[in-house]
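A.B. asks: Take this structure, written in structure tokens, and hold onto it; I'll ask about it next.
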Amino acid sequence: MPTVIDAHCHVGKGMMNSQTPESLLEQMDRLGISQSVIVPWDQAVAVDNESGNDYVLSLADRYPDRLIPFCTVNPWYGRRAVDELKRAVGRGAKGLKINPVYQGYQLTDPILYPVIEAAVELNIPIYVPTGIPVMSMPLQLKHLACEFPEGVFIQGHFGATDFWIDAIPSVENCPNIYVDTSYNIVSLIEKAVKTLGAERVIFSSDSPYLSLQSELEKIDMLAVSEREKELIVSGNIQRLLGVG
């Protein structure tokens, strides 16, 4: 297996799940994962943006060769959200995580636009979990990505579990959307590689909500070339984040 970077993990003590940085690093060492992108816990995504961002930024300062921070802001905070995004990126955040379900809007809502405009201006990718009815569906992300064609979006969970059938149509003609592998079965990941090209598929585990080991084992099972596998597990996210 080439160098592996997990493109989406949660750290902190959340209401739905928790993970310490020590636990994440232990798993990474055991499984041969070089680096992981970390995002704040659930309450910090919904409400306590500043404290969540400071936490992941401090962990990245402590483990600069292992942990890559993504910040989060809730668009309902308006100007405060834009200011916090700029502050966090100035401190070293490499991307933005938004979550319409936790934060209380639909992906098609213009309330998002000031934050997306700021992320585009800052030249950082935007990670969005999809597959959740009403709030965050693949075709809604396509609408957003078409509104901001200069932006870079990562479609988290690739429509799983409820809207996997919309996953491929939502990204086929939308080159500024990348997809990640978490929650999806091997055959759908292989279909994404065949349809979109390996250059737009990114490995992530969504740990601790999913087993990091199990998600990594799926990559081993893919019927793709070694070069394609290398792009999936590290090359693509390195290129998007300018790391490695």
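The values are calculated or read from the model by the stated rules, or taken from the named source; none is laboratory data. Everything numeric in this text was worked out from a predicted model, so none of it was measured. Heads up, the Cβs are rebuilt from the backbone with ideal geometry, glycines too, and the neighbour counts pull from every protein chain shown. Just the protein is used for accessible areas: all its heavy atoms, side chains included, with ligands, DNA and RNA removed. Shrake-Rupley method; radii C 1.70, N 1.55, O 1.52, S 1.80 Å.
A.B. asks: So is ALA119 among the small types (Gly, Ala, Ser), open to solvent by less than 10 Å² (accessible area, probe 1.4 Å), in contact with a helix residue (DSSP H, G or I) (Cβ under 6 Å, 6 or more places away or on another chain) and part of a helix (DSSP H, G or I) or not?
C.D. replies: No; evaluated as a whole, the condition is false for this residue.
A.B. asks: Across region 172-195, what is the total count of residues that are farther than 26 Å from SER211 by Cα and hydrophobic (A, V, I, L, M, F, W, C)? First the steps, then the outcome.
C.D. replies: If we filter region 172-195 for residues that are farther than 26 Å from SER211 by Cα, which is where we start, we get 172-176, 195.
Okay, now just the ones that are also hydrophobic (A, V, I, L, M, F, W, C), so 174.
Residues flagged as farther than 26 Å from SER211 by Cα and hydrophobic (A, V, I, L, M, F, W, C) within region 172-195 amount to 1.
A.B. asks: Restricting attention to region 45-59, report how many residues are surrounded by fewer than 22 Cβ atoms within 10 Å (Cβ to Cβ) and under 22 Å from VAL4 (Cβ atoms).
C.D. replies: Looking only at that region, the number is 1.
A.B. asks: Counting only residues that are touching a Cys at 6+ places or on another chain (Cβ under 9 Å), in a loop (DSSP other than H, G, I, E, B) and among the β-branched types (Val, Ile, Thr), how many does region 10-43 have?
C.D. replies: Final tally of qualifying residues: 0.
A.B. asks: Here's a follow-up. If I go through region 1-44 residue by residue, how many of them are surrounded by fewer than 23 Cβ atoms within 10 Å (Cβ to Cβ), in contact (Cβ under 8 Å) with a residue 60 or more places away in the chain, within 26 Å of ARG227 (Cβ to Cβ) and small (Gly, Ala, Ser)?
C.D. replies: Summing the residues that are surrounded by fewer than 23 Cβ atoms within 10 Å (Cβ to Cβ), in contact (Cβ under 8 Å) with a residue 60 or more places away in the chain, within 26 Å of ARG227 (Cβ to Cβ) and small (Gly, Ala, Ser) in region 1-44 gives 1.
A.B. asks: Counting only residues that are free of Cβ contacts under 8 Å to residues at least 40 places away in the same chain, in a loop (DSSP other than H, G, I, E, B) and touching a Pro at 6+ places or on another chain (Cβ under 9 Å), how many does region 73-97 have? Outline the logic, then answer.
C.D. replies: Our first condition is that a residue be free of Cβ contacts under 8 Å to residues at least 40 places away in the same chain; within region 73-97, this holds for 74, 76-92, 96.
From what's left, in a loop (DSSP other than H, G, I, E, B): 74, 78, 92.
If we keep only those that are touching a Pro at 6+ places or on another chain (Cβ under 9 Å) too, we end up with 78, 92.
Residues flagged as free of Cβ contacts under 8 Å to residues at least 40 places away in the same chain, in a loop (DSSP other than H, G, I, E, B) and touching a Pro at 6+ places or on another chain (Cβ under 9 Å) within region 73-97 amount to 2.
A.B. asks: So, one more: Is it true that some residue in region 185-204 is of a type in the set (S, T, N, Q), modelled with pLDDT of 95 or more and touching a helix residue (DSSP H, G or I) at 6+ places or on another chain (Cβ under 6 Å)?
C.D. replies: Pass one, region 185-204, residues of a type in the set (S, T, N, Q): 187, 195, 204.
Right, trim to modelled with pLDDT of 95 or more and you get 204.
Filter once more, so that each one left must be touching a helix residue (DSSP H, G or I) at 6+ places or on another chain (Cβ under 6 Å): none.
No, there is no match, as no residue in region 185-204 is of a type in the set (S, T, N, Q), modelled with pLDDT of 95 or more and touching a helix residue (DSSP H, G or I) at 6+ places or on another chain (Cβ under 6 Å).
A.B. asks: I would also like to ask the following. Would you confirm, using the coordinates I've provided, whether ASP65 is acidic (Asp, Glu), buried (at least 18 other Cβ atoms within 10 Å of the Cβ) and not in a helix (DSSP H, G or I)?
C.D. replies: Considered against the rule, which asks whether it is acidic (Asp, Glu), buried (at least 18 other Cβ atoms within 10 Å of the Cβ) and not in a helix (DSSP H, G or I), ASP65 comes out as no.
A.B. asks: Which numbered condition in (1) over 23 Å from ILE5 (Cβ atoms); (2) modelled with pLDDT of 95 or more; (3) buried (at least 19 other Cβ atoms within 10 Å of the Cβ); (4) not basic (Lys, Arg) is the only one that GLY104 fails?
C.D. replies: (3)
A.B. asks: Mind checking which pairs have a first residue in region 169-195 that is under 21 Å from ALA223 (Cβ atoms) and touching a residue at least 60 places away in the same chain (Cβ under 8 Å) and a second that is surrounded by 14 or more Cβ atoms within 10 Å (Cβ to Cβ) and among the aliphatic types (A, V, I, L, M), Cβ under 7 Å, 6 or more apart or different chains?
C.D. replies: As it stands, the answer is TYR178/ILE154; TYR178/ILE202; ASP180/ALA7; ASP180/ILE154; ASP180/ILE202; SER182/LEU210, since those pairs meet every condition given.
A.B. asks: Can you tell me how many residues in region 196-243 are closer than 23 Å to CYS174 by Cβ and assigned to a strand (DSSP E or B)?
C.D. replies: 2
A.B. asks: Taking region 127-146 as the region of interest, how many residues are of a type in the set (Val, Ile, Thr), open to solvent by 50 Å² or more (accessible area, probe 1.4 Å) and modelled with pLDDT of 95 or more?
C.D. replies: So the answer is 0.
A.B. asks: Another question, if that's okay. Considering region 130-156 alone, what residues qualify as being in contact with an Asp or Glu (Cβ under 7 Å, 6 or more places away or on another chain) and either in a helix (DSSP H, G or I) or within 16 Å of VAL115 (Cα to Cα) (or both)?
C.D. replies: Correct list: PRO138, LEU139, ILE154.
A.B. asks: Looking at region 147-165, which of its residues are of a type in the set (S, T, N, Q) and open to solvent by 10 Å² or more (accessible area, probe 1.4 Å)?
C.D. replies: Start the filter on region 147-165 by keeping residues that are of a type in the set (S, T, N, Q), which leaves 155, 161.
If the condition is that a residue be of a type in the set (S, T, N, Q) and open to solvent by 10 Å² or more (accessible area, probe 1.4 Å), then THR161 is the only one that fits.
A.B. asks: Among ILE124, ILE168, ILE185, which is buried (at least 23 other Cβ atoms within 10 Å of the Cβ) and closer than 23 Å to GLU230 by Cα? Let's see the steps before the verdict.
C.D. replies: Working: ILE168 fails: buried (at least 23 other Cβ atoms within 10 Å of the Cβ); ILE185 fails: buried (at least 23 other Cβ atoms within 10 Å of the Cβ).
The unique qualifying residue is ILE124.
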